[in-house]
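The values are calculated or read from the model by the stated rules, or taken from the named source; none is laboratory data. These figures come from a predicted structure and were not determined experimentally. Note: ideal-geometry Cβ built from the backbone for every residue, glycine included; neighbour counts use all protein chains shown.
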């Protein structure tokens, strides 16, 4: 494809200016994105996504060269919207917004200079780029735990058939030799993201029928679930009939690679079955298109005015961010370990947090303590997670994502208004859970800057708002639990908690700044 004209004159310096502006706007965002691909195994497939999109564009260069550009001014508001999303994401400490805004800006530039017909022609490689952007933590947490529990349920159903007695609690499987925890790495989310990406690549290269490509992409989800279930069952068999040590270390890691190969084999098998059942006449494997050597790109009509406007728009956005690039503010506070041991007539006892849990929680300040009076009445379990900065994507985890994984079954779940002396009422989550004959009442809320909210989504909204207005992205989760005894109502347990909350709230501002 030959770029014969860009604005009727020399196009390359203008392309260079646009590329430089994009690099100015998104350089740090892309650098952080690549770093996450490198460090987070859940999204290491991200390296292949832009490479494959570039490969598709190269293979389709002949067809693209035949299109006559029809620039559309509707691309300008798309660029403007994408830049606004980028500004909100950057100033509001929201990684997903700042990253996905790049795709909106690229779409707007394509429409502005080449038109909607050209954008439709490159829609597939453009849309495929979405897979390079990691899922927001608020969604990832809601996907991971159900996959963990599902894998544990399947293993608990299959292993007894194979002669291995099993007791399951949440995502923990108790075998005679040792307990097995279906951890985040064993949830299948890592294989799911990678296999969906590879299924789309495989479908594009090996299949011409669009509906079959869609089928292969959709089939990658149950294939991943089945393959991961095989992994958990296989690990249980290794523990029971060979050596419990084989559930960890090299053998455990090698299972992941082996199961991924099994997943690819199953995907290939599905494709071959579809080909056998629904034969395609004159079916051919993928062959690269070769553009005629005489084809020329005709140029971007009216690109002079549009180039000036979009350059001014992008430069203004970059200058705005530069002018408002305030350093993040970190107010002074006391560490949670200095939280008062005495609240009212209750005395606290610290509960150590193991390293595996700390790895899941991320970088923050954490407190886990049980309060009781001298008469050893019903204990009140307090957990506080404080994050000094959430700009790297680490946020408080809702107990609704982790308590079921520990074997607790939700019985009731509702929002209540917590009214305490000396503070405005605010919404909290009331969560009644059960494990065997035990019941616990859980109250939890997200707390930041003397404001309590119950919803993760509202907490995310206020994170963006406070980051823009105050240059702060700190926040916390407060969780209180107490047992609900036999014959006792959840309301009675809640009444027991409320005096504790009255004593707790005035202390929070010292450890979680207003």
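Of the conditions (1) surrounded by 14 or more Cβ atoms within 10 Å (Cβ to Cβ); (2) touching a strand residue (DSSP E or B) at 6+ places or on another chain (Cβ under 6 Å); (3) modelled with pLDDT under 85; (4) farther than 30 Å from residue 29 by Cα, residue 430 fails just one. Which one is it?
Only one criterion in (1) surrounded by 14 or more Cβ atoms within 10 Å (Cβ to Cβ); (2) touching a strand residue (DSSP E or B) at 6+ places or on another chain (Cβ under 6 Å); (3) modelled with pLDDT under 85; (4) farther than 30 Å from residue 29 by Cα is unmet by residue 430, namely (3).
Write out, first by first residue and then by second, each pair whose Cβ atoms fall under 7 Å of each other, whose residues are 6+ apart or on separate chains, and whose first residue, in the range 7-36, is within 18 Å of residue 95 (Cβ to Cβ) while the second is at pLDDT 85 or above and part of a helix (DSSP H, G or I).
Pairs that qualify, where the first residue is within 18 Å of residue 95 (Cβ to Cβ) and the partner is at pLDDT 85 or above and part of a helix (DSSP H, G or I), are 25/86; 25/314; 25/317; 25/318; 26/102; 29/98; 29/99; 33/99.
Which one of these is over 30 Å from residue 477 (Cα atoms) and surrounded by 15 or more Cβ atoms within 10 Å (Cβ to Cβ): 321, 336?
When all the criteria are applied, what remains is 321.
Given (1) touching a strand residue (DSSP E or B) at 6+ places or on another chain (Cβ under 9 Å); (2) assigned to a loop (DSSP other than H, G, I, E, B), where does residue 347 come up short, assuming only one miss?
Condition not satisfied by residue 347: (2).
Assigned to a helix (DSSP H, G or I) and either more than 23 Å from the chain's Cα centre (by Cα) or touching a residue at least 60 places away in the same chain (Cβ under 8 Å) (or both), is that true of residue 507?
The answer is yes for residue 507.
Only one of 79, 49 is assigned to a helix (DSSP H, G or I), more than 30 Å from residue 360 (Cβ to Cβ) and at pLDDT 90 or above; which?
On inspection, the qualifying residue turns out to be 79.
Based on this model, can you work out whether residue 69 counts as over 28 Å from residue 307 (Cβ atoms), modelled with pLDDT under 90, touching a helix residue (DSSP H, G or I) at 6+ places or on another chain (Cβ under 6 Å) and outside any helix (DSSP H, G or I)?
no
Applying the selection to the range 300-344, what residues are in a loop (DSSP other than H, G, I, E, B) and closer than 30 Å to residue 377 by Cα?
Across the range 300-344, the qualifying residues are 334, 335, 339, 340, 341, 344.
Return yes when residue 124 is at pLDDT 90 or above and over 30 Å from residue 327 (Cα atoms) and no when it is not. It would help to see each step written out before you state the result.
Values: at pLDDT 90 or above: yes; over 30 Å from residue 327 (Cα atoms): yes.
Spelling it out, residue 124 is indeed at pLDDT 90 or above and over 30 Å from residue 327 (Cα atoms).
Can you name every residue in the range 467-496 that is in a helix (DSSP H, G or I), out of contact with any helix residue (DSSP H, G or I) (no Cβ under 7 Å at 6 or more places or on another chain), surrounded by fewer than 20 Cβ atoms within 10 Å (Cβ to Cβ) and in contact (Cβ under 8 Å) with a residue 40 or more places away in the chain?
470, 490, 494, 496
With the requirement that a residue be touching a residue at least 24 places away in the same chain (Cβ under 8 Å) and part of a helix (DSSP H, G or I), what does the range 52-62 give you?
If the condition is that a residue be touching a residue at least 24 places away in the same chain (Cβ under 8 Å) and part of a helix (DSSP H, G or I), then 52, 53, 54, 56, 57, 59, 61, 62 are the ones that fit.
For the range 436-449, does any single residue satisfy the condition of being farther than 20 Å from residue 490 by Cα, free of Cβ contacts under 8 Å to residues at least 60 places away in the same chain and surrounded by 19 or more Cβ atoms within 10 Å (Cβ to Cβ)?
Among the residues of the range 436-449, at least one is farther than 20 Å from residue 490 by Cα, free of Cβ contacts under 8 Å to residues at least 60 places away in the same chain and surrounded by 19 or more Cβ atoms within 10 Å (Cβ to Cβ), which makes the answer yes.
At pLDDT 75 or above and surrounded by fewer than 16 Cβ atoms within 10 Å (Cβ to Cβ): is that true of residue 130 in this structure?
On the way: at pLDDT 75 or above: yes; surrounded by fewer than 16 Cβ atoms within 10 Å (Cβ to Cβ): yes.
Yes.
Could you tell me whether any residue of the range 422-430 is closer than 27 Å to residue 135 by Cα and more than 19 Å from the chain's Cα centre (by Cα)?
Among the residues of the range 422-430, at least one is closer than 27 Å to residue 135 by Cα and more than 19 Å from the chain's Cα centre (by Cα), which makes the answer yes.
Of all the residues that make up the range 30-60, how many are over 24 Å from residue 192 (Cβ atoms) and surrounded by 17 or more Cβ atoms within 10 Å (Cβ to Cβ)? Working first, answer last.
So in the range 30-60, the residues over 24 Å from residue 192 (Cβ atoms) come out as 30-31, 54, 57-60.
Okay, now just the ones that are also surrounded by 17 or more Cβ atoms within 10 Å (Cβ to Cβ), so 59-60.
Selection size over the range 30-60: 2.
So, residue 326, is that one under 27 Å from residue 514 (Cβ atoms) and modelled with pLDDT under 90 or not?
yes
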